[in-house]
Amino acid sequence: MRWSPRAALVRLHRWAGLYMAIFLVVAGSTGVLLAFLGDLEVALNPEYRIIEPVDARFQPLLLHQQLQRRFAGARIDSIPLYHPPGEALHWWMQLPDPDHPGEHVESDVVIHPYTGAELSRRTTSIWPVNRKNLMAFVYRLHYSMALGNVGLWLFGVAALVWTFDSFIGFWLTLPRLVRDPRRERRNAQAPPRDGWFRRWSPAWRVRWGGSRGKRHFDLHRATGLWLFPLLLAIAWAGVSFNLGDWVYRPTMHALFGMTEPMTWLPKAAAPREQPELPWLDAYHQAQMTMAQQAQLQGFGVLREQSLRYEPTVDAVVFSVLSDRDIATRWGHTELWLDGSTGRMLALELPSGVNSGRTLTSWVVAIHTAAFGGRAMQALIALVGLGVVVLSLTGVAIWLRKRRAASAANADRGSCKRFDNYTA
């Protein structure tokens, strides 16, 4: 292949695709299931489904006090303030490890939101796989191939390569802007070429009646084109999940000045397990301060989401769903308060303040199908299938060209041996 910028990009696209193929097949196929994660969790675990009582009132602060008394020695540094109607409450906490005294194990304790009764319990362990942790296993496969930190890094690199390769793949679908000089030399009276957009239109279609090789090529190219914006958003969100501290946040800070409170708030000299401010006082202070900020900043609070404590910076974080959130399934509007005094430290709005934060909110919401209801879940599931198609057709194209090149080399070798023999 004679060198040219396009030929170099084709080669780069090919090798990037081969590296990503196994990761994208796993991520795409598991993503189809994860688009409906909540529904599948409830289907596999019927105990997660509850009947909403008529007169009972959801009192998360009271439940928190009950759990602290029930689980002596546990570290419970968050309080969920919302649960989907008809579903149990998933309360993550650090429970004492009975096999290793003095150590704790992260556990998901499933609580009845009105009675406080424990309905189920599971840890972060995925072995052995059973109905309780099946979707957790699928989720672990999705972002790390269930290989721990090694898989996390490998998937993160794949997401980063995918982000850059998305632009390369898109560029390769574009028709050449100049006429072919060889064609010009062959026929000085060559008819004028079609318009640029007309020459680009075949890239969006699949020749179903063509050969298998043509179908694979067209499926690969057309799938990438039709899904390009969503694929790019999903890839960049993957970088934020797996390479957040190393790549995503430094890049977004350099491009848009995006910062997060955890990066600039002073570290606590002696981190505590619980805030000095009582949880109930912190909650009331957070409600009052959030209402004041909503009036000052011009946004509306739709519902409360959670209250948690960040010991490394001694801050209580009050999360709500607001009309500044892109996602609708959960809220990322966050108010940070001093864990000792209740003084406001920061307010994080998902959109409307910093373009980097707005972009992050969009790509994460798209990746997790966190808005748009069932239609968005179905769309992201279809995108997952599209990712699998892209990867498999890309490998098929590479194999076909590799076989053709091997056959051509074998033919040239045979001709050379014949010429030497006849000479």
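The values are calculated or read from the model by the stated rules, or taken from the named source; none is laboratory data. Since this is a predicted model, take the numbers as computed values, not measurements. Methodologically, a virtual Cβ is constructed for each residue, glycine included, from the backbone with ideal geometry; neighbour enumeration extends over all protein chains shown.
Answer yes or no: is there a residue in the stretch 263-271 that is in contact (Cβ under 8 Å) with a residue 12 or more places away in the chain, β-branched (Val, Ile, Thr) and surrounded by fewer than 17 Cβ atoms within 10 Å (Cβ to Cβ). Write out each step before concluding.
Keep residues of the stretch 263-271 that are in contact (Cβ under 8 Å) with a residue 12 or more places away in the chain, which gives 263, 265-268, 271.
Within this subset, residues satisfying the condition of being β-branched (Val, Ile, Thr) are 263.
Narrowing further to those that are surrounded by fewer than 17 Cβ atoms within 10 Å (Cβ to Cβ): 263.
Yes, there is a match, as at least one residue in the stretch 263-271 is in contact (Cβ under 8 Å) with a residue 12 or more places away in the chain, β-branched (Val, Ile, Thr) and surrounded by fewer than 17 Cβ atoms within 10 Å (Cβ to Cβ).
Look through Leu359, Leu347 and report the one residue that is in contact (Cβ under 8 Å) with a residue 24 or more places away in the chain and assigned to a strand (DSSP E or B). Even if it seems obvious, please write down each step before you answer.
Details: Leu359 fails: assigned to a strand (DSSP E or B).
Residue meeting the stated conditions: Leu347.
For the stretch 73-98, give me each residue that is touching a residue at least 60 places away in the same chain (Cβ under 8 Å), farther than 19 Å from Ile50 by Cβ and part of a loop (DSSP other than H, G, I, E, B).
Within the stretch 73-98, just Asp77 meets the criteria.
Suppose we keep only residues that are without any contact (Cβ under 8 Å) to a residue 60 or more places away in the chain and among the aliphatic types (A, V, I, L, M) within the stretch 99-130. Which one would you say is farthest from Glu47 (Cα to Cα)? Let's see the steps before the verdict.
Step one: filter the stretch 99-130 for residues without any contact (Cβ under 8 Å) to a residue 60 or more places away in the chain, giving 99-109, 111, 115-118, 121-130.
Within this subset, residues satisfying the condition of being among the aliphatic types (A, V, I, L, M) are 105, 109, 111, 117, 126, 129.
Numbers: Val105: 23, Val109: 12, Ile111: 10, Ala117: 12, Ile126: 19, Val129: 18 Å.
Of everything passing the filter in the stretch 99-130, Val105 is farthest from Glu47 (Cα to Cα).
Rundown of residues vs (1) surrounded by fewer than 20 Cβ atoms within 10 Å (Cβ to Cβ); (2) touching a helix residue (DSSP H, G or I) at 6+ places or on another chain (Cβ under 7 Å); (3) in contact (Cβ under 8 Å) with a residue 12 or more places away in the chain, yes/no style:
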{"residue": "Leu307", "(1), (2), (3)": "no, yes, yes"}
{"residue": "Pro311", "(1), (2), (3)": "yes, no, yes"}
{"residue": "Asp314", "(1), (2), (3)": "no, no, yes"}
{"residue": "Arg324", "(1), (2), (3)": "no, no, yes"}
{"residue": "Gly339", "(1), (2), (3)": "no, no, yes"}
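In this structure, does Ala269 turn out to be under 30 Å from Glu87 (Cβ atoms) and of a type outside the set (Ser, Thr, Tyr)? Step through it out loud before you land on a result.
On the way: under 30 Å from Glu87 (Cβ atoms): no; of a type outside the set (Ser, Thr, Tyr): yes.
Criteria not met by Ala269.
List pairs: first in the stretch 1-12 and modelled with pLDDT of 85 or more, second part of a helix (DSSP H, G or I) and surrounded by 11 or more Cβ atoms within 10 Å (Cβ to Cβ), Cβ under 7 Å, 6+ apart or cross-chain?
So the pair list comes out as Leu9/Ile168; Leu9/Trp171; Leu9/Leu172; Val10/Leu172; Leu12/Ile168.
Determine which single condition Phe256 fails, assuming it passes every other condition in (1) in contact with a helix residue (DSSP H, G or I) (Cβ under 6 Å, 6 or more places away or on another chain); (2) crowded, with 16+ Cβ neighbours inside 10 Å; (3) under 21 Å from Ala346 (Cα atoms).
(2)
Restricting the search to the stretch 386-409, which residues are within 15 Å of Ser29 (Cβ to Cβ) and either in contact with a Pro (Cβ under 7 Å, 6 or more places away or on another chain) or among the hydrophobic types (A, V, I, L, M, F, W, C) (or both)?
Of everything in the stretch 386-409, those that are within 15 Å of Ser29 (Cβ to Cβ) and either in contact with a Pro (Cβ under 7 Å, 6 or more places away or on another chain) or among the hydrophobic types (A, V, I, L, M, F, W, C) (or both) turn out to be Val387, Val388, Val389, Leu390, Leu392, Val395.
Quick grid of which residues meet (1) modelled with pLDDT of 95 or more; (2) touching a strand residue (DSSP E or B) at 6+ places or on another chain (Cβ under 7 Å); (3) within 30 Å of Val313 (Cα to Cα):
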position	(1), (2), (3)
Arg198	no, no, no
Trp204	yes, no, no
Asp218	yes, no, no
Pro229	yes, no, no
Ala237	yes, no, yes
Phe241	yes, no, yes
Gly244	yes, no, yes
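When only residues in the stretch 217-276 that are touching a Gly at 6+ places or on another chain (Cβ under 9 Å) and among the acidic types (Asp, Glu) count, which is farthest from Gln65 (Cα to Cα)?
Only one residue tops the list, namely Asp218.
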